[in-house]
1. Net charge near residue 167: determine it from the other residues with C-beta under 10 Å of the C-beta of residue 167, scoring Lys and Arg +1 and Asp and Glu -1.
2. At a Förster radius of 35 Å, what calculated FRET efficiency corresponds to the Cβ-Cβ distance of residue 187 and residue 46, to the nearest 0.05?
3. For the charge dipole of the chain, defined by +1 on Lys and Arg C-beta atoms and -1 on Asp and Glu C-beta atoms about the Cα centroid, which residue among 132, 275, 225 has the Cα displaced farthest towards the positive pole?
4. Could you sort the peptides 95-105, 135-145 by per-residue average Cβ neighbour count (10 Å cutoff), highest mean leading?
5. Treat each spin label as a single point 7 Å out from the Cα along the C-beta direction, and report the residue 339 to residue 68 distance in nm.
6. With the Cα gyration tensor of region 57-129 giving a ≥ b ≥ c as the square roots of its eigenvalues, does the rule (a/c under 1.5 for rounded; else a/b larger than b/c for prolate; else oblate) give rounded, prolate or oblate?
7. On a full-extension model of 0.36 nm per residue, what is the gain between residue 307 and residue 323, subtracting their alpha-carbon distance, rounded to one decimal in nm?
8. What are the ³J(HN,Hα) couplings of region 14-28, residue after residue, when phi is run through the Karplus curve with 6.51, -1.76, 1.60 and θ = phi - 60°? Round to Hz, x for glycine and proline.
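Derivation of every value follows stated rules applied to the coordinates shown; laboratory data play no part. Source: prediction; values computed, not measured. Heads up, the Cβs are rebuilt from the backbone with ideal geometry, glycines too, and the neighbour counts pull from every protein chain shown.
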Amino acid sequence: MNKQSNILNLSDKKIGILGGGSWATALAKLVLSNVGEINWYMRKQDQIDSFIKSGKNPDYLPSLKFDVSHIHFTSDINEVVSESDVLVLAVPSPFLKMHLKKLRRSIRRKIIISAIKGMVPDENMVVTEYLHIRYEVPSENLGMISGPCHAEEVAMERLSYLTFGCSNPKNAVEMSKLFATQYVHTTVTDDVWGLEYASVMKNIYAIASGICYGLKYGDNFQAVLTSNAIQEMKRFLSVTNPHGREIDASAYLGDLLVTAYSQFSRNRQFGNMIGRGYSVRTAQLEMRMIAEGYYGTKCIHIFNERYKVDLPIADSVYNILYNHTSPVLEIQELTNKLN
């Protein structure tokens, strides 16, 4: 078999979206700009019924209007797998295993694009690694979507950038074509590991940013915090997976900046509540969306026990969220470790 035959051609493939949240909804909008129809799996049948009736996702991005005649909805994950060649995963990372446990169909030969910016809890693996090991999906059939990009701005058609990672960069190009529009620019890389771990870590740093904002630290300190965060990310990625990556590229630094500063960042919002005195549990209950960084914080902490990379910001967030240390005292101590 020659090398050319391994390059994907997705122009006539059937696309399936898995997830009913804001990111899944935004990605569905992009894909429908490039293909005639999609299959769409949502867990809740009442959400599907309301969507079909109104043409809008009743729970997320309600300003987006869809022509539902181009969408085949289903609450059966096996149905969307059977009827799709390409699966776009956009469910919260803590729930991925729950959804996949319902599978009665093989996904080994599917093209899978992960839009999940988190690790698989209890497994301490990023999503593409988990799919490759647990479900035997070939690496060249696995892709990863990275920002900087918020679902809310996609809904408003504001200029955004997405980076697609795949071990075969030519396959990443084919994946990116499904999402490119006049207002979404795409780039590609073979640094799948770096993209996925950077996506996990930027959520941790966004929680730190939110905590500091809630504690009334100003813009000067936020700049120091974020510049130290990108250095911390670079150290971690360089030790755990050396690669000729440029850490100041938009997929790394840009995604960190938008997640740490944006009003749309749920991880920053979660951290802000912690800084203002909410307990972790209360903050989680009051938020309508999952703060992936809460779970990512523990995963990175456990993963780093093997490598022992110096991660003072990530360690501080872990202490606050899991060791229940005082945010005031923990951040005061952190300020002496930054430069």
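1. Details: positive: none; negative: 140, 190, 191.
Once positives and negatives cancel, what remains is -3.
2. Working: r = 39 Å, r/R0 = 1.10.
After rounding to 0.05, the efficiency reads 0.35.
3. Of the candidates, 132 comes out farthest on the positive side.
4. Working: 95-105: 13.7, 135-145: 20.5.
Packing proxy ranking, top to bottom: 135-145, 95-105.
5. Here the modelled spin labels are 5.8 nm apart.
6. Details: a/c = 2.05, a/b = 1.33, b/c = 1.54.
Verdict is oblate for region 57-129.
7. Values: separation 16, 0.36 × 16 = 5.76 nm, distance 2.09 nm.
Extra length available between residue 307 and residue 323 comes to 3.7 nm.
8. Those phi angles translate into 8, 9, x, 9, 10, x, x, x, 5, 5, 4, 5, 5, 5, 4 Hz.
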